[in-house]
Amino acid sequence: MFYLDSCGLFRSTLLDIASVQHGFGTRHELPGWPPELSAQLDQIHSDRVVTARVKTGRIGEGDALITAVSGLWIAVRTADCLPILIADPVTRCVAAVHAGWRGSAGQIVAKAVGKLARTFGSNPANLCAAIGPGIAHCCYEVSAEVARQFAEWVPELADAEGKVMLDLSEVNRRQLLQAGVPQGSIDCSGECTFCRADEFYSFRREAEEAGRMVSGICIR
């Protein structure tokens with residue numbers, strides 16, 4: 001379950017665990033978010049996962065970060081794409097994922113889960129994942145060509161024609177399940193960035209005028 005805290009951040013109760021700090025940004029987050037000690041990427045709508053060790057600031061190109069460094073925030077920026085935060089309380093490592101339709105078609109969230117396993121020994125069964133606010137099914141119209149790329153997870157899209165309303169959050173939820181994350185360990189915010197102009201930036205609504213929300217996670 002997601003809730004809005006006093007700092008103007010959305011949080012997931014699944015990630016309210018002793019070893020982790022996290023937050024999903026909004027229009028109204030207070031100054032100082034994210035903390036200065038944070039690693040981010042030049043996001044390129046890819047399936048590339050980068051390991052953050054000690055360096056902060058922009059540390060390379062890609063769309064997902066993982067780390068096991070205590071005190072180092074990893075963060076992604078969104079304005080309709082999905083921010084996905086993942087934690088392993090057993091091996092004490094975390095991931096932050098920027099999942100637009102291109103990254104989702106490339107299974108970036110599953111690749112982040114895989115890299116946590118290969119790099120830090122995570123068992124997907126121990127992971128907790130929270131899919132934050134993004135453009136929702138009600139507002140996300142895509143071409144049939146785009147929609148058909150998700151037929152593996154939404155079989156009815158295999159025969160898509162014309163314009164299709166795509167549920168990108170559900171696609172990523174199913175990819176997490178396929179990667180071995182338990183159903184009860186996946187939280188979806190359900191908040192639509194396009195609908196909620198009072199709370200979120202939206203590139204589809206505001207185009208180049210849109211700001212960006214920052215979502216981050218850190219091992220305490």
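Readers should treat all values here as calculations from the given coordinates under stated rules, not as data from a laboratory. Just so we're clear, the structure is a prediction, and the values are computed from it rather than from any experiment. Cβ: placed from backbone, ideal geometry, glycine included. Neighbour counts: every protein chain shown.
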List the aspartates and glutamates whose alpha-carbon lies under 14 Å from that of LYS115, not counting same-chain residues fewer than 8 positions away?
ASP47, ASP63, ASP88
Output the peptides 30-37, 159-166, 90-97 sorted from most to least packed, where packing is the average of other Cβ atoms within 10 Å over each peptide's residues.
90-97, 159-166, 30-37
Per DSSP H run of n ≥ 4, the term is -39500 (n - 2.57); total these for the chain, divide by its residue number, and report the mean residue ellipticity at 222 nm rounded to 500 deg cm²/dmol.
-4500 deg cm²/dmol
For segment 37-196 the mean separation of alpha carbon contacts under 8 Å (6+ apart) over residue count, i.e. relative contact order in percent, is 21 percent
Along the charge dipole of the chain, pointing to its positive end and built from +1/-1 on Cβ of Lys, Arg, Asp and Glu, which listed residue (THR78, GLY162, ALA39) has its Cα farthest out?
ALA39
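Determine, from the Cβ-Cβ distance of ARG53 and ARG102 and an R0 of 30 Å, the FRET efficiency 1/(1 + (r/R0)^6), rounded to the nearest 0.05.
E(calc), rounded to 0.05, equals 0.65.
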Using the Cα centre of segment 105-220 as origin and beta-carbon charges of +1 (Lys, Arg) and -1 (Asp, Glu), tell me which of LEU176, ALA144, PRO133 is placed farthest towards the positive end of the dipole.
LEU176
With an 8 Å Cα cut-off and a minimum separation of 6 or more residues, compute the relative contact order for segment 141-220 in percent.
17 percent
Label segment 143-220 by shape, choosing from rounded, prolate and oblate, from the square roots a ≥ b ≥ c of the eigenvalues of the Cα gyration tensor; if a/c is under 1.5 it is rounded, and otherwise prolate applies when a/b is larger than b/c, oblate when it is not.
oblate
Within the chain: Cβ-based charge dipole about Cα centre, in debye rounded to nearest 20 (Lys, Arg +1; Asp, Glu -1)
840 debye
Using DSSP to define loop residues, name the trypsin sites (Lys or Arg not before Pro) in segment 1-73 whose beta-carbon has at most 14 other beta-carbon atoms within 10 Å.
ARG27, ARG53, LYS55
Classified through the alpha carbon gyration tensor (a ≥ b ≥ c as square roots of its eigenvalues; rounded if a/c is under 1.5, else prolate when a/b is larger than b/c, else oblate), segment 1-128 comes out rounded
May I ask what percent, to the nearest 5, of DSSP beta bridges between residues of the chain are antiparallel?
70 percent
When the chain is fully extended, how far beyond the present Cα-Cα distance does ILE44 get from ALA158, taking 0.36 nm per residue of separation?
38.4 nm
Rounded if a/c is under 1.5, else prolate if a/b is larger than b/c, else oblate: which is the chain, with a ≥ b ≥ c the root eigenvalues of its Cα gyration tensor?
oblate
Just name one of LEU30, ILE17, ILE66: the one whose Cα is farthest towards the positive end of the charge dipole of segment 15-70 (beta-carbon charges, Lys/Arg +1, Asp/Glu -1).
ILE66
Under-5 Å amide H pairs with ASP187, H placed in peptide plane, nonlocal only:
ALA129, ALA130, ILE131
With each pseudo-label sitting 7 Å past Cα toward Cβ, what's the ALA144-ALA207 distance in nm, one decimal?
2.8 nm
Note, segment 40-49: 3J(HN,Hα) by Karplus (6.51, -1.76, 1.60, θ = phi - 60°), whole Hz, Gly/Pro = x, goes 9, 10, 7, 7, 10, 6, 10, 10, 8, 10
